[in-house]
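Every read-out reported here was derived from the displayed coordinates using simple, explicitly stated rules and does not represent laboratory data. The structure displayed is predicted, hence computed values, not measured ones. Because the Cβ atoms are built from the backbone with ideal geometry, glycine has one as well, and the counts that use them run over all protein chains shown.
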Amino acid sequence: MRRNNHGKTVFTLTRWNSSDYWKGINLRNNLLMESAGKPLITFAPTEERNDWHLVVRVDHEVVATLLLHPINGQIAQIKQVAVSQNCQGMGLGKKLIAYAENVAQNLGFELVFLTGRKQAWDFYEKLGYESFAETYVDHEVELKIFKKNLVVTQTKEMKTHGRQ
């Protein structure tokens, strides 16, 4: 894939075990599983059946993916974020996370959290995520958990007009 801004970029939801889902699996295998020393995904994991599967297509090619996994009625987890190496540095990851946050908010979730690899910590912090746990190592990867509130509560200053 050429790095240009002329291709049509589409952010969309796809079904579990669909063709686009499997293209996302290939990205996850290439970018996440192999580098972490984990076994490759060779079948559609049934535990992902009820997740929301988000993909980004550029010129009809799936170039990024993530899962939105419901924890309960208020909290969702962003999982398995993968952006094709050919498309990194183009802002697709940032836009994909924003899209996932929008989907989560529209579904009624108030908070999202994710587990980020060390090389992505600054990326998530720039997107407004706060770390809230100690780092840990899973297989060969150093990780940290981040969270972000989707519901912004605004406090109004009370005007007392000289009254207390």
Which of rounded, prolate or oblate describes region 71-151 when judged by the alpha-carbon gyration tensor and an a/c cut-off of 1.5? oblate
Fraction in percent of alpha-carbon pairs per bin - 10 Å, the chain: 10, 35, 36, 11, 4, 3, 1
Exposed-loop-free span, longest in the chain, where trypsin sites (Lys or Arg not before Pro) count as exposed if DSSP calls them loop and at most 13 other C-beta atoms lie within 10 Å: 50-155
Going through region 66-150, which GluC sites (Glu not before Pro) have at most 14 other Cβ atoms within 10 Å and a DSSP loop state? Glu110, Glu134, Glu140
Counting Lys and Arg as +1 and Asp and Glu as -1, what is the net charge of the other residues whose Cβ lies under 12 Å from the Cβ of Ala64? +3
Charged-residue dipole, Cβ positions (Lys, Arg, Asp, Glu), region 1-118 about Cα centre, Debye nearest 20: 360
Inter-probe distance in nm under a simple model that places probes 7 Å from Cα toward Cβ, at Ala44 and Thr12: 1.6
In whole percent, what relative contact order does the chain give with Cα contacts below 8 Å and a gap of six or more residues? 19
Compute the acute angle (0 to 90°) between the alpha-carbon long axis of helix 19-28 and the principal axis of greatest extent of the alpha-carbon atoms of the chain; round to the nearest 10°. 80
